[in-house]
1. Do any residues in region 159-178 that are modelled with pLDDT of 95 or more have Cβ atoms under 7 Å from those of residues that are among the aromatic types (Phe, Trp, Tyr), where the two are at least six apart or on different chains, and which pairs are they?
2. Among the residues of region 58-81, which ones are open to solvent by 60 Å² or more (accessible area, probe 1.4 Å) and among the charged types (D, E, K, R)?
3. Here are some conditions: (1) touching an Asp or Glu at 6+ places or on another chain (Cβ under 7 Å); (2) surrounded by 14 or more Cβ atoms within 10 Å (Cβ to Cβ). Arg140 meets all but one. Which one does it not meet?
4. Using the structure shown, decide if Met195 is open to solvent by 30 Å² or more (accessible area, probe 1.4 Å) and part of a loop (DSSP other than H, G, I, E, B).
5. Kindly establish whether Arg112 is part of a helix (DSSP H, G or I) and crowded, with 17+ Cβ neighbours inside 10 Å.
6. Specify the residue that is nearest to Asp52 (Cα to Cα); the eligible residues are those in region 138-186 that are among the basic types (Lys, Arg) and either within 19 Å of the chain's Cα centre (by Cα) or not in a helix (DSSP H, G or I) (or both).
7. Suppose the filter is closer than 30 Å to Val204 by Cβ, assigned to a loop (DSSP other than H, G, I, E, B) and open to solvent by less than 70 Å² (accessible area, probe 1.4 Å); does Ala100 pass it?
8. Restricting attention to region 55-109, which residues are of a type in the set (S, T, N, Q) and in contact (Cβ under 8 Å) with a residue 12 or more places away in the chain?
Amino acid sequence: MDTIGEQPGEQSGGRGDRRGGGRRRNPRGQGDRLRDEIVTVTVRLLDELGDDQALSLRAVTREVGIATTSVYIHFADRDALVLAALERFHGDLVRAVDEAEATAPDPAGRLRARVLTLGEWVRRHPGLYKVLHESTLNQRTSMTFKQELTERTTAVVRSCMDAGLAPPDDPALVSLDLRAAVHGAVSMRVNQPDMPWPPLEDQVDRFLAKLVGIRPASP
């Protein structure tokens with residue numbers, strides 16, 4: 001596991017060194033504000049890099065304007081910082097998907113809205129998507145927060161079945177098939193952007209018809 005380290009003497013005179021005219025210390029009791037700022041910068045850099053191993057802690061602290069050792073106050077190592085950034089990104093995604101779902105008139109429309117919103121977020125944040133799902137961090141640590149999106153998607157699939165909009169089946173298995181198809185579609189777009197991809201909306205409608213058994217009306 002990578003740790004947040006610096007060579008001796010590299011902090012002196014940096015932006016985090018008050019003698020160098022850098023960032024002022026946060027007032028007592030405002031440590032959460034600094035932590036939030038560190039995570040915000042990390043989210044942006046991860047999206048630009050698309051690789052958590054390429055993340056430089058010096059780049060993060062340079063953007064925030066603090067000494068690298070200040071990160072230790074809030075995060076044990078780089079993995080912990082990346083995990084916090086991914087949890088922030090995932091939480092924002094869950095809220096966006098929930099908001100999109102709330103605008104649909106029926107369970108089928110809600111499921112379609114969820115999937116399309118996920119696709120739009122991946123299009124806008126391909127780097128974060130790659131780190132969230134394709135990085136080696138997934139093998140080194142547990143990302144239990146990702147289960148929230150899974151459970152909510154399964155709940156909507158179940159609602160479609162309960163409403164008679166999809167044939168009866170195991171909603172968890174159907175949801176898994178749907179998520180595998182959607183993640184495959186968006187991942188291929190991220191990793192092979194020059195391919196002549198069909199509109200994601202068309203693919204999603206085919207997935208919903210073939211895997212869930214519904215044909216929601218387009219908005």
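1. Leu178/Phe207
2. Correct list: Arg58, Arg62, Glu63.
3. Unmet condition: (2).
4. Taking the combined requirement at face value, the residue satisfies it.
5. When the stated conditions are applied, Arg112 passes them.
6. Arg140
7. When the stated conditions are applied, Ala100 does not pass them.
8. Matches in region 55-109: Thr61, Thr68, Thr69, Ser70.
The values are calculated or read from the model by the stated rules, or taken from the named source; none is laboratory data. Since we're looking at a predicted model, the values are computed, not measured. When we count neighbours, we look across all protein chains shown, and the Cβ atoms used for this are built from the backbone with ideal geometry, even at glycine. For the accessible areas, the whole protein counts, side chains as well, though only heavy atoms, and no ligand, DNA or RNA atoms are used. Shrake-Rupley method; radii C 1.70, N 1.55, O 1.52, S 1.80 Å.
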